[in-house]
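Colleague: Right, I'll just put the structure down here and ask away after.
The values are calculated or read from the model by the stated rules, or taken from the named source; none is laboratory data. The shown structure was predicted, so the numbers you read here are calculated from the model rather than taken from an experiment. All Cβ positions, glycine included, derive from the backbone under ideal geometry; neighbour counts span all protein chains shown.
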Amino acid sequence: MLPKIIRVQPITPMISLTWMIGSRCNYDCMYCPEKYHDMTSAHPDLEKLKTAWQNLHNKTQHHGLPYKISFTGGEVTANRSFLPLIEYLRSEEFNIGQLLVTTNGSASENYYRRLCQSIDAISFSTHSEFFNEREFFQKVQAIDAIMIRPEKSLHVNIMNEFWNQDRMALYRDWLTEHNISHSINDIDYSLQIRSYPVVQGVKNFEEL
């Protein structure tokens, strides 16, 4: 009889949470439901974000475990309080184990360079309705060079957009050639807010 697996545990136990800091986004992707994004709601300011964290920390710190926090939105980098929040979490005695960020890549390269000084992993997602291909992948390449594994990591989520299949193949091949972690991410179109894209981003990938 084969041995029975009773339990699988991580090497380092952590309190793991996903923190959606707000719904506000600078993109309006046709497949992203309104509960995950809008272009009108107010960004929570730094004091509100600090208070939310302190309330959770006060209720959980007795476990004595490090925290693994995955940040999502909306678009986190659209909130001017996000970077100060990350730096606050790292500067205080909060027993932060890992900070992970998902972004659409629309912030500046300098912003991401500063952000990546304080986080452990970053995921960029392609959104062809809105992004500038060349600028996006230039940023990915620059930030990948500083997110060195195994201490840090970068990953690209290639969104499986039905109208962008030819470009997706270009993205995949380029990322493979440059040894940058990536995956094709399927989309649940049942949650879409429109049946087709109404805008197109800048298609200049060939200028890389």
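Colleague: Looking at (1) in contact with a helix residue (DSSP H, G or I) (Cβ under 8 Å, 6 or more places away or on another chain); (2) assigned to a loop (DSSP other than H, G, I, E, B); (3) on the phi < 0 side of the Ramachandran plot, which one does Ile122 not meet, given that it meets all the others?
Modeller: Unmet for Ile122, out of (1) in contact with a helix residue (DSSP H, G or I) (Cβ under 8 Å, 6 or more places away or on another chain); (2) assigned to a loop (DSSP other than H, G, I, E, B); (3) on the phi < 0 side of the Ramachandran plot: (2).
Colleague: To continue, here is another question. For residues that are under 27 Å from Lys68 (Cβ atoms) and surrounded by fewer than 18 Cβ atoms within 10 Å (Cβ to Cβ), tally how many sit in segment 27-43.
Modeller: Selection size over segment 27-43: 4.
Colleague: Follow-up. Check whether at least one residue in segment 180-187 is under 22 Å from the mean Cα position of the chain (by Cα), closer than 18 Å to Glu133 by Cβ and in a loop (DSSP other than H, G, I, E, B), and report yes or no.
Modeller: For segment 180-187, residues under 22 Å from the mean Cα position of the chain (by Cα), closer than 18 Å to Glu133 by Cβ and in a loop (DSSP other than H, G, I, E, B): present.
Colleague: Within segment 100-111, can one find any residue that is farther than 20 Å from Tyr27 by Cα and under 14 Å from the mean Cα position of the chain (by Cα)?
Modeller: Residues of segment 100-111 farther than 20 Å from Tyr27 by Cα: 100, 110.
Add one more test, that the residue is under 14 Å from the mean Cα position of the chain (by Cα), and what stays is 100.
Among the residues of segment 100-111, at least one is farther than 20 Å from Tyr27 by Cα and under 14 Å from the mean Cα position of the chain (by Cα), which makes the answer yes.
Colleague: Also: Give all pairs with beta carbons closer than 6 Å in which a residue from segment 111-124 that is at pLDDT 95 or above meets a residue that is surrounded by 19 or more Cβ atoms within 10 Å (Cβ to Cβ) and of a type in the set (Gly, Ala, Ser); count only pairs at least 6 apart in sequence or on separate chains.
Modeller: Filtered contacts from segment 111-124: Phe124/Gly105.
Colleague: Still on this structure, I have one more. Tally up the residues in segment 60-103 that are at pLDDT 95 or above and among the acidic types (Asp, Glu), please.
Modeller: Of the residues in that region, 2 qualify.
Colleague: Let me ask something additional. Pick from Gly73, Gly64: which is of a type in the set (Gly, Ala, Ser) and out of contact with any Phe, Trp or Tyr (no Cβ under 9 Å at 6 or more places or on another chain)?
Modeller: Values: Gly73 fails: out of contact with any Phe, Trp or Tyr (no Cβ under 9 Å at 6 or more places or on another chain).
Criteria check complete, one pass: Gly64.
Colleague: Met168 - would you say it is in contact (Cβ under 8 Å) with a residue 12 or more places away in the chain and either loosely packed, with under 15 Cβ neighbours inside 10 Å or in a loop (DSSP other than H, G, I, E, B) (or both)?
Modeller: Against the criterion (in contact (Cβ under 8 Å) with a residue 12 or more places away in the chain and either loosely packed, with under 15 Cβ neighbours inside 10 Å or in a loop (DSSP other than H, G, I, E, B) (or both)), Met168 does not qualify.
Colleague: Can you name the condition, by its number, that Asn58 falls short on among (1) surrounded by fewer than 15 Cβ atoms within 10 Å (Cβ to Cβ); (2) in contact with a His (Cβ under 6 Å, 6 or more places away or on another chain)?
Modeller: Condition not satisfied by Asn58: (2).
Colleague: Let me ask something else about it. How many of the residues in segment 61-71 are within 18 Å of Met20 (Cβ to Cβ) and not hydrophobic (A, V, I, L, M, F, W, C)? Outline the logic, then answer.
Modeller: Of segment 61-71, the ones within 18 Å of Met20 (Cβ to Cβ) are 67-71.
Now drop any that are not not hydrophobic (A, V, I, L, M, F, W, C), which leaves 67-68, 70.
The qualifying residues number 3.
Colleague: Has segment 143-160 got at least one residue that is at pLDDT 95 or above, more than 16 Å from the chain's Cα centre (by Cα) and outside any loop (DSSP other than H, G, I, E, B)?
Modeller: No, segment 143-160 contains no residue that is at pLDDT 95 or above, more than 16 Å from the chain's Cα centre (by Cα) and outside any loop (DSSP other than H, G, I, E, B).
Listed here are the residues, each with its yes/no results for (1) surrounded by 12 or more Cβ atoms within 10 Å (Cβ to Cβ); (2) over 27 Å from Ser23 (Cα atoms).
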site: Ser108; (1), (2): no, no
site: His127; (1), (2): yes, no
site: Asn132; (1), (2): yes, no
site: Phe136; (1), (2): yes, no
site: Lys139; (1), (2): yes, no
site: Leu175; (1), (2): yes, yes
site: Tyr196; (1), (2): no, no
